[in-house]
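Encoded as structure tokens, the structure appears first; notes follow it.
The values are calculated or read from the model by the stated rules, or taken from the named source; none is laboratory data. Predicted, not measured: the structure shown is a model, and the values here were computed from it. Glycine gets a Cβ as well: all are built from the backbone with ideal geometry, and neighbour counts include every protein chain shown. We work out accessible area using only protein heavy atoms, side chains counted, and drop any ligands, DNA or RNA first. Shrake-Rupley method; radii C 1.70, N 1.55, O 1.52, S 1.80 Å.
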Amino acid sequence: MTIARARPFGQNYAFVAVAAVFIALMAAAGLRSAPGVLMLPLERAFQWDRGVISMAAAVGIFLYGLTGPFAAALMQSFGVRRTVTLALAVMALSTAASSLMTQPWHYVATWGVISGVGSGAVAMVLGATVVNRWFVERRGLMMGLLSASAATGSLIFLPGMAALAEAGGWRPVVLAVAAVMAVLVPVVWLLLPETPASIGQKPYGANESYAAPQPMPAGGALRGAFGALFRAARTRTFWLLFGGFFVCGLTTNGLIGVHMIAMCADQGLPETRAATLLAVMGIFDLIGTTLSGWLTDRYDPRKLLFVYYGLRGLSLMVLPFTDFSIVALGIFAVFYGLDWIATVPPTVRLATEAFGDHDGPIVFGWIAAGHQAGAATAAITAGVIRAAQGRYLEAFVLAGVAALVAAVASLMIRRKTTELAPVFA
């Protein structure tokens, strides 16, 4: 029997847990945004083809998403705190090892495979798991805040990484990222209890009749992940959410996150200025995604997704035809930043409604895998298009059309509030 260890703030300690997760998600987002900064320095240092460099980013993004559902199930059996701190340690070691790379496959192995798996455990599924575990009220707002942590990570890390790259090349960047990950291991371990019950509390907003979902038995992560998928895959809601999130990843992390700095460099903009542009997006995404969480608690999430995807598609189709002036890019950064991952809170809400508190975070992990599959597709495809055509125009137009299709598809989702029976009672 586990003895509850008291923490300060009572039921409000839920906000401390969210703060610890916010920091971890922010750092992992910084790591995942680093390939966009490393692309040009690696091209200059090793004369690697841009398509080859994009491959490492694509592999990392894909595994980042694919790991999500297994990480969500592992958190229920192995524990949230142990899973997250282990993942941070893996990311620290893999990025530090990459400082010794000399061949493209070294980059793919460290930043693609190992860091991709590690960062997949510190991703949106972590936010969904912690919010469902620590909150009954204000779930939408908290999910919006944690989703925005990715933007904040880019905000903090990108300009600094770009400055390091310009001053000393690619190696100082990877060492700095490794150091940040290593520092966070003890911080998260100390601040993040396993559950509210482990500190003698109930989730924020829970009444006396609240009963927490039963934990998954140890060793049941694989069965739990695939079991939730098989149940969800029989529904249209899952495939519509999966497809929408595929487009979400394609139009954000994969296209803008990986290629925006290189695209701006094609237009003669310095790397630090382009990185600052992404940081501005980060500022406004922090606002937009948090606001999206607030709106999700009050309005139909399907209509919110329609607006978000529709505006995103139009902005992507317009950008290549602008003059890339400071004014044009500034307007794009503000507009696109507000919409960057505002899709997350309504998607989590729809997934939880359809699949329940038990299956919901795991199913969202599979949906998030679609997000990263889309991002990986855009990362490698845009790199290939740029290498073949010498421009990014076609990549941006195709991404814009995909976003418009996702907007219409969002209105086809049926809302459902019944919870599927859990595998482990």
Check Leu350 against each of (1) within 24 Å of Phe22 (Cα to Cα); (2) surrounded by fewer than 24 Cβ atoms within 10 Å (Cβ to Cβ); (3) in contact with a helix residue (DSSP H, G or I) (Cβ under 7 Å, 6 or more places away or on another chain) and name the one condition it does not meet.
(2)
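Being within 26 Å of Trp340 (Cβ to Cβ), aliphatic (A, V, I, L, M) and either without any contact (Cβ under 8 Å) to a residue 40 or more places away in the chain or buried (at least 20 other Cβ atoms within 10 Å of the Cβ) (or both) is the requirement here; does Val84 meet it? Steps first, please.
Working: within 26 Å of Trp340 (Cβ to Cβ): yes; aliphatic (A, V, I, L, M): yes; either without any contact (Cβ under 8 Å) to a residue 40 or more places away in the chain or buried (at least 20 other Cβ atoms within 10 Å of the Cβ) (or both): yes.
Yes.
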What is the residue count in region 246-268 for residues that are modelled with pLDDT under 90, open to solvent by 30 Å² or more (accessible area, probe 1.4 Å) and either over 18 Å from Leu329 (Cα atoms) or part of a helix (DSSP H, G or I) (or both)?
3
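Tell me which residues, restricted to region 311-358, are among the hydroxyl-bearing types (Ser, Thr, Tyr) and closer than 28 Å to Thr276 by Cα. It would help to see each step written out before you state the result.
Within region 311-358, the first condition is being among the hydroxyl-bearing types (Ser, Thr, Tyr), and the residues that meet it are 315, 322, 325, 336, 343, 347, 352.
Matches in region 311-358: Ser315, Thr322, Ser325, Tyr336, Thr343.
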Considering only residues of region 116-138 that are touching a Leu at 6+ places or on another chain (Cβ under 9 Å) and in a loop (DSSP other than H, G, I, E, B), which is surrounded by the most Cβ atoms within 10 Å (Cβ to Cβ)?
Val122
Pick from region 211-245 the residues that are open to solvent by 70 Å² or more (accessible area, probe 1.4 Å) and assigned to a helix (DSSP H, G or I): which of them is modelled with the lowest pLDDT?
Leu222
Does any residue of region 357-369 turn out to be surrounded by fewer than 21 Cβ atoms within 10 Å (Cβ to Cβ) and under 30 Å from Thr129 (Cβ atoms)?
yes
Is it the case that some residue within region 105-115 is in a helix (DSSP H, G or I), touching a Pro at 6+ places or on another chain (Cβ under 9 Å) and polar (S, T, N, Q)?
no
How about region 49-81: which of its residues are among the polar types (S, T, N, Q) and surrounded by fewer than 24 Cβ atoms within 10 Å (Cβ to Cβ)?
Ser77
Exclusive hit being without any contact (Cβ under 8 Å) to a residue 12 or more places away in the chain and over 17 Å from the mean Cα position of the chain (by Cα), set Ala333, Ala274, Ala328
Ala328
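Check whether at least one residue in region 40-55 is assigned to a helix (DSSP H, G or I), under 18 Å from the mean Cα position of the chain (by Cα) and among the small types (Gly, Ala, Ser), and report yes or no.
Applying the first criterion (assigned to a helix (DSSP H, G or I)) to region 40-55 yields 40-46, 50-55.
With under 18 Å from the mean Cα position of the chain (by Cα) added as a condition, the list becomes none.
No.
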From the residues in region 162-177 that are open to solvent by 10 Å² or more (accessible area, probe 1.4 Å) and touching a residue at least 60 places away in the same chain (Cβ under 8 Å), which one is nearest to Leu25 (Cα to Cα)?
Leu175
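Do the conditions hold for Leu158, that is, is it in contact with a Leu (Cβ under 7 Å, 6 or more places away or on another chain), assigned to a helix (DSSP H, G or I), open to solvent by less than 10 Å² (accessible area, probe 1.4 Å) and at pLDDT below 80?
Numbers: in contact with a Leu (Cβ under 7 Å, 6 or more places away or on another chain): yes; assigned to a helix (DSSP H, G or I): yes; open to solvent by less than 10 Å² (accessible area, probe 1.4 Å): yes; at pLDDT below 80: yes.
Against the criterion (in contact with a Leu (Cβ under 7 Å, 6 or more places away or on another chain), assigned to a helix (DSSP H, G or I), open to solvent by less than 10 Å² (accessible area, probe 1.4 Å) and at pLDDT below 80), Leu158 qualifies.
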